[in-house]
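Student: Have a look at this one.
The values are calculated or read from the model by the stated rules, or taken from the named source; none is laboratory data. Just so we're clear, the structure is a prediction, and the values are computed from it rather than from any experiment. Reconstructed Cβ throughout: ideal geometry from the backbone, glycine too, with neighbour counts over all protein chains shown.
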Amino acid sequence: MKKITKKISTATDRSTAINAVKNRSGSQLLRFPAVPVPVQFFISLAGFLFLLNFLWESLHGLLYLDHQVMPAGSYVPMMLEMAGYDTLAVSAFYLFISRLNNTLLWPLTLINISIFSLIALLMAYGTEYSAVHILHQWDYRPSMPTVLGVGLFPLFQLTATGLLAMFFSGKIASVEIPKPTAIPQRR
């Protein structure tokens, strides 16, 4: 065990180092072979996105007219499917911002967060509006707060779950993501 600890503390190359999870006292809790940071980030991003979107869908699903009376055998698979679609959509938004930044691991700056949020809000609004008012796929219960004809919770879902998942994935993958900053003013 001491040999492994020494390798961890002296290794400098991320691709060959052994990563260790440490508690607050500094003692090692878990060791695992090194995985490249982008792989760690995207695996955790997909996992967090799916989990957060499944929870969000399941909770706000109670604000839709027919969802409360659906049997669990129909409701749960539908929530899993919707969470999968949301995971793919947010991942696509993330990759679009990556393309704009010319890097897979872009920083959570004010401009990147703003672009991501705008894309997520526009896509959520378009999807929800067409599903409710054009395709008539579902209806809201009176308890669903609405903004411009769409539910408040579905409108902010992709933005909120996406930003949370990016933050937590960055922490897990040990990505150095700077905090959002204001745009520097010109003098």
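Student: If only one of 89, 72 is at pLDDT below 90 and assigned by TED's automatic domain parsing to the domain that holds residue 137, which one is it?
Tutor: 72
Student: Just a yes or no: is a residue in the range 25-46 charged (D, E, K, R), in contact with a strand residue (DSSP E or B) (Cβ under 9 Å, 6 or more places away or on another chain) and modelled with pLDDT under 85?
Tutor: Here is the first cut: in the range 25-46, the ones charged (D, E, K, R) are 31.
Restricting the remaining residues to those that are in contact with a strand residue (DSSP E or B) (Cβ under 9 Å, 6 or more places away or on another chain) gives 31.
Okay, now just the ones that are also modelled with pLDDT under 85, so 31.
Scanning the range 25-46 turns up at least one residue that is charged (D, E, K, R), in contact with a strand residue (DSSP E or B) (Cβ under 9 Å, 6 or more places away or on another chain) and modelled with pLDDT under 85.
Student: Further, regarding this structure: Considering only the range 87-95, I want to know if a residue exists there that is more than 13 Å from the chain's Cα centre (by Cα) and either among the hydroxyl-bearing types (Ser, Thr, Tyr) or under 16 Å from residue 169 (Cβ atoms) (or both).
Tutor: No, the range 87-95 contains no residue that is more than 13 Å from the chain's Cα centre (by Cα) and either among the hydroxyl-bearing types (Ser, Thr, Tyr) or under 16 Å from residue 169 (Cβ atoms) (or both).
Conditions tested, residue by residue: (1) among the small types (Gly, Ala, Ser); (2) exposed (fewer than 14 other Cβ atoms within 10 Å of the Cβ); (3) assigned to a helix (DSSP H, G or I).
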| position | (1), (2), (3) |
| --- | --- |
| 62 | no, yes, yes |
| 87 | no, no, yes |
| 126 | yes, yes, yes |
| 133 | no, yes, yes |
| 143 | yes, yes, no |
